[in-house]
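Derivation of every value follows stated rules applied to the coordinates shown; laboratory data play no part. Bear in mind that the values here come from a model prediction, so they are computed numbers and not experimental data. So basically every Cβ, Gly included, is an ideal-geometry build from the backbone, and we count neighbours across all protein chains shown.
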């Protein structure tokens with residue numbers, strides 16, 4: 001039976017149809033005959049116990065320009081849809097948190113929202129690795145500059161990053177003899193008023209920052225290795241990294257298979273693990289990407305697995 005799926009998205013004109021994972025999801029759903037709708041996070045509202053939003057019906061195209069034709073647009077309660085898929089990109093600011101509160105009320109009223117809004121809110125994409133220390137590189141989370149300085153002196157070569165960044169933004173590699181380490185630390189911690197993460201630098205980044213996808217508790221057998229550009233430390237595609245799909249290593253599969261049932265039980269349907277050299281560095285749950293790149297370079301249909309799991313969740 002055909003379903004009605006609503007996707008909470010960034011503005012449609014900001015999406016890149018040749019690579020966007022959310023568009024890949026919606027195309028697959030539409031190809032199976034399901035109705036697909038787009039919702040802007042700013043359109044969410046609550047009144048008299050009901051969470052509603054303006055939902056635009058989309059007619060998806062396999063072409064990239066235009067990639068959709070707009071249909072009817074009307075305000076509807078989120079309970080009118082068989083599933084609501086939260087695919088809003090960070091920043092994870094107060095407005096994002098507010099959206100999770102509203103979506104949680106929708107769930108209480110009977111809506112099915114994936115990823116689960118409470119799980120998204122309670123799950124820090126950087127700090128979540130602290131639950132699984134056996135899989136991580138040596139890591140410090142602190143805001144006291146003296147603590148971080150001591151860590152740099154002890155380890156010698158570290159990566160510093162804020163807890164709310166994405167796409168490689170504000171990530172620094174700092175060695176103990178780096179003449180700029182003080183100013184980098186002052187900038188990242190906002191003079192000791194913001195908590196950051198410091199991790200031992202992993203030389204395995206030269207072979208790629210691996211994105212491993214878990215969908216509905218099932219591990220995708222291919223990772224996307226995001227290989228840094230020449231002269232870069234960051235492998236993020238947004239920072240110029242090159243994406244290469246490759247089968248999971250034994251260690252990568254071990255980590256992913258361990259986390260998969262735990263995260264799915266929490267309502268986290270689409271998860272993107274980041275691994276470098278067999279070490280877990282992040283657990284992404286807001287809007288994990290790399291569907292298209294993996295599909296283009298392998299025989300595994302990631303979007304099809306996603307819609308399979310979505311249909312099963314709605315059965």
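Extension gain residue 163-residue 258, at 0.36 nm per residue separation less the Cα-Cα distance, in nm?
Here the answer is 31.8 nm.
Between 81, 300, 94, which gets the highest mean-square fluctuation from a Gaussian network model of the chain, Cα cutoff 10 Å?
It is 94.
Of the DSSP beta bridges with both residues in the chain, give the percent that are antiparallel, rounding to the nearest 5.
Antiparallel bridges make up about 80 percent of those DSSP assigns within the chain.
By average Cβ neighbour count within 10 Å, what is the ranking of 303-310, 21-28, 9-16 from highest down?
Answer by packing, highest mean first, reads 21-28, 303-310, 9-16.
In what order do 121, 251, 87 fall by count of nearby beta-carbon atoms within 10 Å, going from fewest to most?
Ordered from fewest to most neighbouring Cβ atoms within 10 Å, 121, 251, 87 come out as 251, 121, 87.
What is the angle, in °, between the Cα long axis of helix 94-108 and the longest principal axis of the Cα atoms in the chain? Nearest 10 is fine, range 0 to 90.
For 94-108 against the chain, the angle is about 40 degrees.
Measure nothing fancy, just the Cα-based angle from helix 250-265's long axis to the longest principal axis of the chain, in degrees from 0 to 90, nearest 10.
For 250-265 against the chain, the angle is about 50 degrees.
Against the longest alpha carbon principal axis of the chain, how many degrees, from 0 to 90 and to the nearest 10, is the axis of helix 145-155 turned?
70
Can you give me the relative contact order of the chain as a percent, contacts being Cα pairs under 8 Å and 6 or more apart?
18
Given the rule -39500 (n - 2.57) for each run of at least 4 DSSP H residues, summed and divided by the residues of the chain, what is its mean residue ellipticity at 222 nm, to the nearest 500 deg cm²/dmol?
-8500 deg cm²/dmol
If I model a spin label at residue 122 and residue 46 as a point 7 Å from the Cα along the Cα→Cβ vector, what separation in nanometres do I get?
Going from the residue 122 label point to the residue 46 one covers 1.7 nm.
Taking the Cα centroid of region 135-199 and of region 17-52, what is the distance between the two, rounded to the nearest whole Å?
Cα centroid of region 135-199 versus Cα centroid of region 17-52: 37 Å apart.
Quick one: if you take sqrt(5λ) for each eigenvalue of the C-alpha gyration tensor of region 4-122, what semi-axes come out, biggest first, whole angstrom?
23, 16, 12
With the convex hull built on the Cα atoms of the chain, state its orientation-averaged projected area in nm².
Quarter of the Cα hull surface area: 16.5 nm².
So how do 92, 291 line up by other beta-carbon neighbours within 10 Å, fewest first?
By the 10 Å Cβ count, ascending, the order reads 92, 291.
Give me the percent relative contact order of region 79-186, please, defined on Cα pairs under 8 angstrom at least 6 residues apart.
22
Only bridges whose two residues both fall in region 4-122 count here: according to DSSP, what percent of them are antiparallel, nearest 5?
55
Does region 191-309 classify as rounded, prolate or oblate by the C-alpha gyration tensor (a ≥ b ≥ c root eigenvalues; a/c under 1.5 gives rounded; else a/b over b/c gives prolate, otherwise oblate)?
Oblate, since a/c reaches 1.5 and b/c is not below a/b.
Only counting other Cβ atoms within 10 Å, I'd like 107, 148, 97, 302 sorted with the fewest neighbours first.
Listing 107, 148, 97, 302 from fewest to most nearby Cβ atoms yields 97, 107, 302, 148.
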